[in-house]
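Everything on this sheet refers to the single structure shown next.
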Amino acid sequence: MVLTSGSDQRDLWSFRRCRCRVPRPNDARWRAGLTTPLPAWRSFPLRRRLAQELSAPVAIDNDAKAMALGEAWLGCLRGRRSAMCVTVSTGVGSGILLDGRLLQGADGNAGHIGHTIAAPLGRRCACGARGCLEAEVSGLALEARAGHAPPFPEWLLRSAGELLGRAISSAAALLDLEAVALGGGVVHAAGASLIAAAEAEVSRSFRLFHRPLRLEVAQVSPLVGAAALALGSARVEAAA
C-alpha cells in the first residue's frame with residue numbers, strides 16, 4: 001500500500017493505491033469461484049471490499065508472484081534475470097522471472113507449479129485433478145499424509161522434497177532458469193530435510209544444460225514484492 005499524510009486530524013493517513021497479495025488464482029475482475037486451498041477466499045469479493053474501505057484504486061495479485069519480485073529486488077535472487085520462487089505453505093505456488101520480467105500469462109496466472117502433476121496416481125487435489133504437486137507436498141497435504149499436525153516424520157519430508165525437486169527441475173528445463181528460491185511456512189518449518197531432498201533430486205534430474213541449478217532459501221517477505229507492484233514496477237533489472 002502506498003500512503004500519504006491525511007489532511008485531517010481524524011484521517012491520519014490516506015491511501016493513494018493498494019496492491020494486495022493473496023493465495024489464489026487471478027482473473028480479470030478477481031471474482032468468486034476460483035480454485036484455492038482456502039475455501040473462504042473462493043466467494044469473497046476482495047477487490048471491491050478493499051476499494052470501498054480504502055477509497056483508493058486496488059490491484060490484487062498472487063502471493064507467490066509477489067514473493068518472486070521481492071526476492072529479485074532485495075533478496076536471494078538479486079542479480080538473477082531468469083529465476084523462480086516457489087512457496088510451499090497451505091498451498092504451493094510460484095512466481096517466475098524471465099529476462100528480468102515477471103511472467104504473467106493469459107490471465108495473470110503464470111507460475112502455478114502446484115498444479116503440475118507430480119504423482120499421477122496420487123491424491124485428489126482441490127482443483128479436481130489427481131496427483132498435483134500441491135496435493136502431495138503442501139502443508140495441508142502433509143498433515144493428511146502423516147495423519148497429524150507438524151512436526152512431520154523424516155520419510156515424509158524426504159518424499160515431499162523429492163517431488164518438489166522433480167517439479168522444479170522440469171520447470172527449470174522448460175524455462176532455462178538459473179536459480180530457484182524456496183519459501184513458505186512448510187519450507188521454513190521443515191528445515192534441512194526437505195531442502196536437502198529437493199536439492200538431491202534437482203542434481204539427478206536437471207542435467208540438460210550441464211550447469212547446476214541453485215536452490216536458495218527466500219530471504220524477504222512477499223510484502224516487499226507487493227510494495228514493488230504497488231509502485232508500478234513489474235520489471236527487475238539485474239544488479240551490476
Neighbour-count ranking [beta-carbon atoms within 10 angstrom, fewest first] of Ile113, Ile195 = Ile195, Ile113
Among Leu229, Leu97, rank each residue by its count of other Cβ atoms within 10 Å, from fewest to most, as a rough exposure measure.
-> Leu229, Leu97
The exposure ranking of His115, His188, fewest beta-carbon neighbours within 10 Å first, is His188, His115
Go through the stretch 177-183 residue by residue and turn each phi into a ³J(HN,Hα) via Karplus (6.51, -1.76, 1.60, θ = phi - 60°); whole Hz please, and just put x for glycine and proline.
-> 8, 9, 7, 9, 9, 10, x
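Read-outs: derived from the displayed coordinates by stated rules, not from any lab. Every value quoted in this text rests on a predicted model; they were computed, and no experiment measured them. Glycine gets a Cβ as well: all are built from the backbone with ideal geometry, and neighbour counts include every protein chain shown.
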